[in-house]
Amino acid sequence: PASSSKIAHQVSLVAIGTSTGGPIALQKVLTQLPASFSKPIVLVQHMPASFTSAFAERLNNLSGLTVKEAQEGDVLRPGHVYVAPGGKQLIVDRRQGGSVHILDSDERVSYRPSVDIALASAAKHYGSKALGVVLTGMGADGREGARLLKQAGGHLWAQDEASCVIYGMPMAVVNAGLVDCVVSLDQVSERLSKDI
């Protein structure tokens, strides 16, 4: 896979998707990012509605970044992290400087929140200025969103098998040929800080 350093200065949004093993992986990534990190991050962690607010609060307390459960109309700010609320769908919109929208989920959608839906909105609104990062998780949520992101000129990283709790979601995007680079969990924050 190509080096990701060529995406320097282009990215204006980071979208991270994860499931099984995600809370610990996200804690590691966010606590290692500098407080000066200059991009907004949207986070989709498969988690029931009653847990996402406390999860965001915990990450906020541990990290130098500002982490919150995303709410309708939140403005995407540098160094802020927006956790998709459980039971809903998160989409991003680049108009008016970039914002988050929270939608009720169609019951036919397997995951609430869904990485596919978040990445699809990043593809539509941010295109080549979006970076998707697929971390540990069961299943293949994220693969179709990643496909749209790549078609729109965006960038995609996947966690490597060795550092995943469950190598399902990252494997799905790797096997589909959608990944720019494969990174170990230990490298994610360093590369985010350095390469974008």
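The values are calculated or read from the model by the stated rules, or taken from the named source; none is laboratory data. Here the structure is a predicted model, which is why all the values come from computation and not from measurement. Note: ideal-geometry Cβ built from the backbone for every residue, glycine included; neighbour counts use all protein chains shown. Note: areas computed on protein heavy atoms with side chains; ligands, DNA, RNA excluded. Shrake-Rupley method; radii C 1.70, N 1.55, O 1.52, S 1.80 Å.
For the reader, a short list of remarks on this structure follows.
- Criterion: under 24 Å from TYR167 (Cα atoms), open to solvent by less than 60 Å² (accessible area, probe 1.4 Å), part of a helix (DSSP H, G or I) and of a type in the set (Val, Ile, Thr) - qualifying residue of VAL14, VAL29: VAL29
- Here is the figure for region 64-88: residues that are surrounded by fewer than 21 Cβ atoms within 10 Å (Cβ to Cβ), of a type in the set (Gly, Ala, Ser) and on the phi < 0 side of the Ramachandran plot total 2.
- Identification of helices (runs of 4 or more DSSP H) wholly contained in region 89-196 with 3 or more residues that are of a type in the set (Asp, Glu), touching a His at 6+ places or on another chain (Cβ under 9 Å) and surrounded by fewer than 18 Cβ atoms within 10 Å (Cβ to Cβ) yields no element.
Condition check ((1) in contact (Cβ under 8 Å) with a residue 24 or more places away in the chain; (2) among the aromatic types (Phe, Trp, Tyr); (3) under 16 Å from HIS125 (Cα atoms)) across all residues:
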position	(1), (2), (3)
VAL67	yes, no, no
PRO85	yes, no, no
GLY97	no, no, yes
ILE102	yes, no, yes
GLU107	no, no, no
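- Taking region 1-21 as the range and being farther than 24 Å from SER99 by Cα and either modelled with pLDDT under 95 or not β-branched (Val, Ile, Thr) (or both) as the test, the residues that pass are PRO1, ALA2, SER3, SER4, SER5, LYS6, GLY21.
- Those residues of region 150-179 which are under 15 Å from the mean Cα position of the chain (by Cα) and in contact (Cβ under 8 Å) with a residue 60 or more places away in the chain, in sequence order: HIS155, TRP157, GLN159, MET169, VAL179
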